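Presented below is the structure to which this report refers.
Taken together, the values in this text are just the output of simple stated rules run on the coordinates, not laboratory data. This structure is a prediction, so every number in the text was calculated from the model and none was measured. Here Cβ is always computed from backbone atoms with ideal geometry, including for glycine, and neighbour counts include all displayed protein chains.
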């Protein structure tokens, strides 16, 4: 039976790469269902496959095997450009296009009127007065919020966030976290975020996924997963034995 509350699901998702003649599964048999309007934080030690998993969902990379279903259809039934409008990706380092803040928003959707541009900027906590500011005059935190507003211009159902605050100071980190929680609550989006910080994962609330060596070893309410894991690998991650 099709569950209409499931926006995205992956089944036995695997990506293998060959390095110096040796083949390794950097994403290994992951199966999971993501519900509409949820916040999901992917945790794990370095090299666990967190970003690699995210890239597969957006078709930045292709799986070796397994399935991805988006909104009830195999994701390969969507043209990549259409899929990426609906499953938006926010990179760790914000990518800005030359021009003003407004130019960057219109790059994603060129037929927006002034009121809609203002609405998108407000959703990402970008001050209206910054609309005509050039990209090279923005701080890292401002660029990340503009990039988020630009992503929202395509009206996605899912937003993929690859360590969006790792290069930011605590003030901007807190601001980005609040913006993400706000847009999920107000717009019903599904947010899937990679984080290197268990503390951040707890602040984001929602559901946590713990990856170790490409495998999904534990999932559940984020606070429980971080503070009271059920598995041995989860406890080792909590105790910083896996880094």
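Using only C-alpha positions, report the orientation-averaged shadow area of the convex hull of the chain, nm², one decimal. Intermediate results must be reported in sequence, preceding the final value.
Working: hull surface 56.8 nm².
For the chain, the mean projected area of the Cα convex hull comes to 14.2 nm².
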So how much slack lies between residue 130 and residue 74, counting 0.36 nm per residue of separation and subtracting their Cα-Cα distance, in nm?
16.2 nm
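If packing is taken as the average count of other Cβ atoms within 10 Å, what order do 215-228, 34-47 fall into, highest mean first? Write down the numbers at each step before the final one.
Numbers: 215-228: 18.0, 34-47: 19.5.
Put in order of decreasing packing, that is 34-47, 215-228.
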Calculated FRET value between residue 232 and residue 122, using beta carbons and R₀ = 51 Å, to 0.05:
0.65
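Only helical DSSP H runs with n ≥ 4 go in: add -39500 (n - 2.57) per run for the chain, normalise by residue count and round the 222 nm mean residue ellipticity to 500 deg cm²/dmol. If you can, show how the numbers build up before the last one.
On the way: 9 runs with 84 residues, N = 243.
One gets -10000 deg cm²/dmol as the mean residue ellipticity at 222 nm.
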Would you kindly state how much longer the chain becomes between residue 29 and residue 91 on full extension, computed as 0.36 nm times their sequence separation minus their alpha carbon distance, in nm to one decimal?
19.9 nm
Length gained, residue 178-residue 155, 0.36 nm per residue minus C-alpha separation, equals 6.4 nm
Determine which residues of region 33-51 fall in the zone a paramagnetic label at residue 223 would reach in this model, i.e. backbone nitrogen under 19 Å from the point 7 Å along Cα→Cβ.
38-43
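Quick one: work out the % antiparallel among DSSP beta bridges in the chain, nearest 5. Let's see the in-between values first.
On the way: 24 of 41 bridges.
Taking every DSSP beta bridge with both residues in the chain, the antiparallel ones total about 60 percent.
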Based on the Cα gyration tensor of region 131-234, what are the three equivalent ellipsoid semi-axes, each the root of five times an eigenvalue, rounded to whole Å and given largest first?
28, 15, 12
Could you work out how far helix 140-152 tilts from the main Cα principal axis of the chain, as a 0 to 90 degree angle to the nearest 10?
90
Mind ordering 118-127, 133-142 by average Cβ neighbours within 10 Å, highest first?
118-127, 133-142
